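Report on the following structure.
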Amino acid sequence: AQSVTQLGSHVSVSEGALVLLRCNYSSSVPPYLFWYVQYPNQGLQLLLKYTTGATLVKGINGFEAEFKKSETSFHLTKPSAHMSDAAEYFCAVSVGSGTYKYIFGTGTRLKVLA
Amino acid sequence: NAGVTQTPKFQVLKTGQSMTLQCAQDMNHEYMSWYRQDPGMGLRLIHYSVGAGITDQGEVPNGYNVSRSTTEDFPLRLLSAAPSQTSVYFCASRGTDSGANVLTFGAGSRLTVL
């Protein structure tokens, strides 16, 4: 069975500091991995995704994530946090092209301090 | 291109009342789904549909009904609302030709049951 674990329900960083949001997954077959961002009172927007190929994927707003199969991780990073990055971030996994099954993590709320 | 449209954005119900949350998409997506979002629990799948006339249960289906008479619409019905159904509800869709399994979300419907 697939599962997703996001370490840290709340993360605070200073403006300009590195953002690191952690996601570990469990899957018996190669997964598709996603990061979604939710700004206050809005729906979820796709930030980036990993399907196959290059393990370092770049997304919108300067975010990137690296798929590490050996560590079953897909951590999200951004070199320099901006106030506008304050939001809730969700990691998700689906298994196999065309599948309709998605497992979402419980979310990490990012706070950016001035 | 409107994407996924949910109505209403906000609703307050009394226990025992019924209501329908509407979801419409204009992307000709075969797959549509309903999630509920609760603090600390991430997104949980309520019901989903892989095409007109086809629906199935997700992780938390009790107390909710769905139908899919057209490709565009996927309403979620609460027949007798309970306080435990106070939540934010999201509709999401995906095309069958999307090999990357990317979901498109609506803006959400916030429901309070008193």
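The values are calculated or read from the model by the stated rules, or taken from the named source; none is laboratory data. It should be emphasised that the depicted structure is a prediction, and the values quoted were computed from it without experimental measurement. When we count neighbours, we look across all protein chains shown, and the Cβ atoms used for this are built from the backbone with ideal geometry, even at glycine.
State yes or no: is B:Phe105 among the aromatic types (Phe, Trp, Tyr) and more than 9 Å from chain A (Cβ to nearest Cβ)?
Taking the combined requirement at face value, the residue does not satisfy it.
Six or more apart or on different chains, Cβ under 7 Å: which pairs go from a residue in segment B:102-113 that's free of Cβ contacts under 8 Å to residues at least 40 places away in the same chain to one that's surrounded by 21 or more Cβ atoms within 10 Å (Cβ to Cβ) and in a strand (DSSP E or B)? Could you list them?
Hits for this filter: B:Val102/B:Arg94.
Restricting attention to segment B:61-71, does a residue exist that is within 14 Å of chain A (Cβ to nearest Cβ) and of a type outside the set (Gly, Ala, Ser)?
yes
Which residue pairs have Cβ atoms closer than 8 Å, lie 6 or more positions apart in sequence or on different chains, and pair a first residue in segment A:8-25 that is of a type in the set (Asp, Glu) and modelled with pLDDT of 95 or more with a second residue that is assigned to a strand (DSSP E or B) and surrounded by fewer than 13 Cβ atoms within 10 Å (Cβ to Cβ)?
A:Glu15/A:Leu113
Checking the structure you have, find out if any residue of segment B:77-94 is over 20 Å from B:Pro8 (Cα atoms) and within 13 Å of another protein chain (Cβ to nearest Cβ).
So far as segment B:77-94 goes, yes, one or more of its residues are over 20 Å from B:Pro8 (Cα atoms) and within 13 Å of another protein chain (Cβ to nearest Cβ).
For the condition surrounded by 15 or more Cβ atoms within 10 Å (Cβ to Cβ), closer than 18 Å to A:Thr106 by Cα and of a type in the set (S, T, N, Q), what is the one hit in B:Ser87, B:Ser33, B:Ser49?
None of the others qualify; the one that does is B:Ser87.
Can you name the number of the only condition in (1) buried (at least 17 other Cβ atoms within 10 Å of the Cβ); (2) over 26 Å from B:Ser109 (Cα atoms) that A:Leu18 fails?
Only one criterion in (1) buried (at least 17 other Cβ atoms within 10 Å of the Cβ); (2) over 26 Å from B:Ser109 (Cα atoms) is unmet by A:Leu18, namely (1).
Can B:Gly42 be described as out of contact with any strand residue (DSSP E or B) (no Cβ under 6 Å at 6 or more places or on another chain) and not acidic (Asp, Glu)?
no
How do the pairs read when you match residues in segment A:98-111 that are within 15 Å of A:Lys49 (Cα to Cα) with residues anywhere that are part of a loop (DSSP other than H, G, I, E, B) and modelled with pLDDT of 80 or more, using Cβ under 8 Å and keeping only pairs 6 or more apart or on different chains?
A:Tyr102/B:Leu103
Just checking, how many residues over segment A:55-86 are within 14 Å of another protein chain (Cβ to nearest Cβ) and either in contact with a Pro (Cβ under 8 Å, 6 or more places away or on another chain) or not in a strand (DSSP E or B) (or both)?
2
Consider segment A:90-114. How many of its residues are modelled with pLDDT of 95 or more and more than 11 Å from chain B (Cβ to nearest Cβ)?
Of the residues in that region, 4 qualify.
Criterion first (crowded, with 17+ Cβ neighbours inside 10 Å, within 21 Å of A:Glu15 (Cα to Cα), within 11 Å of chain B (Cβ to nearest Cβ) and of a type in the set (Val, Ile, Thr)) does A:Thr51 satisfy it?
no
Might you check whether a residue that is more than 13 Å from every other protein chain (Cβ to nearest Cβ), surrounded by fewer than 17 Cβ atoms within 10 Å (Cβ to Cβ) and either of a type in the set (Phe, Trp, Tyr) or within 12 Å of the chain's Cα centre (by Cα) (or both) occurs anywhere in segment A:27-43?
no
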